[in-house]
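First up is the structure itself, then whatever we jot down about it.
Read-outs: derived from the displayed coordinates by stated rules, not from any lab. All of these numbers come straight from a predicted model, not from anything done at the bench. Counting neighbours? That spans all protein chains shown, and the Cβs are built from the backbone with ideal geometry, glycine included.
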Amino acid sequence: MPTLLLTGFEPFHTHPDNPSAQAAQALGGQRAGQLGIEAALLPVEPHEAAKALLSALERHQPEAVLLTGLAAGRAQVSLERVAVNVMDFNIPDNAGQVYRDAPVHPHAQAPAAYLSTLPLRRILSDWHAAQLPGYVSNSAGLYVCNAVMYQALHHLHATGRAHVPCGFLHVPANAAVALAVPEDRPPLPYLPQSEITRAVQLAAASIARSFG
Ligand code: PCA
């Protein structure tokens, strides 16, 4: 069956859970239109994440790629417009490393940025029609999510599959993540996990419609 590769991330930093992993786990094995959803969980370390991602891309040869991660502090689901060839971490990754002003891909020919190839406006209008507010974000940050989006698009370009729709969806905290914030810190906006999973499912269905 033609597949949609759906990735989520492991928990990281002080967060006890990652709603992107919960959504990917819930949706793996289901269908989005004509596509079968294959879920993969990525570690929050750029080199290990790239390894896991590229091996999933090679193993499944997906027709579409939907990458997801947590953006703690955002109040709504958001679609990233662009991934840049920069890592500049404000917090350590899960291996304890902080990269500063470092390229995601060091090759001289690697472009400065890749644009999402997902149908952003179609996903947004499908969310809105389903009573789910969301928006297009113009920066995926400079941490592991941006790096994974860059690696995925770079790999698809480098292997002649630039036509495969691929991009990143950032989700807000779920209740478990919001509840873990100490009382002396600003509270995090959150969405119930069921709404986060519904947003990812609707995005997968929107993407799959072009394969109808
Ligand atoms: N969010 C982080 C990395 C892993 C995740 O779920 C980010 O936005 O870069």
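Proximity of backbone amide H atoms, modeled 1.01 Å from N, is registered between THR7 and ALA40, LEU66, LEU67, THR68 at under 5 Å, excluding neighbours fewer than 5 places apart on the same chain. In terms of its alpha-carbon gyration tensor, region 8-162 comes out rounded; the largest-to-smallest axis ratio a/c stays below the 1.5 threshold. Based on the alpha-carbon gyration tensor of region 1-90 and its eigenvalue square roots a ≥ b ≥ c, which shape applies: rounded if a/c is under 1.5, prolate if not and a/b is larger than b/c, or oblate? Because a/c hits 1.5 or more and a/b exceeds b/c, region 1-90 counts as prolate. Distance from the C-alpha centroid of region 157-212 to that of region 1-46: 9 Å, rounded to the whole angstrom. Compared with the direct C-alpha span, the chain from GLN97 to GLU48 gains 16.4 nm at full extension, assuming 0.36 nm per residue.
In order along region 163-168, the Karplus-derived 3J(HN,Hα) couplings, from 6.51 cos²θ - 1.76 cosθ + 1.60 at θ = phi - 60°, round to 6, 6, x, 8, x, 10 Hz, and Gly and Pro are given as x. Using 0.36 nm per residue and subtracting the Cα-Cα separation, the extra length available between SER194 and ALA175 on full extension is 5.8 nm. Karplus-based coupling profile of region 36-51, in residue order and whole Hz: x, 8, 9, 9, 9, 9, 10, x, 8, 7, x, 6, 5, 5, 5, 4, with θ = phi - 60° in 6.51 cos²θ - 1.76 cosθ + 1.60 and x standing for Gly or Pro. Think of the chain as a dipole: +1 on every Lys or Arg Cβ, -1 on every Asp or Glu Cβ, centred on the Cα centre; then among ALA152, VAL98, LEU191, ALA152 lies furthest on the positive end. Listed peptides 134-141, 167-174 appear in the order 167-174, 134-141 once ranked by packing, highest mean of other Cβ atoms within 10 Å at the front. On the beta carbon distance between GLN30 and ARG59, with R0 = 22 Å, the FRET formula returns roughly 0.75.
Phi angles of region 153-162 translate, via the Karplus equation with coefficients 6.51, -1.76, 1.60 and θ = phi - 60°, into HN-Hα couplings of 5, 5, 5, 5, 4, 5, 10, x, 10, 5 Hz per residue; Gly and Pro are given as x.
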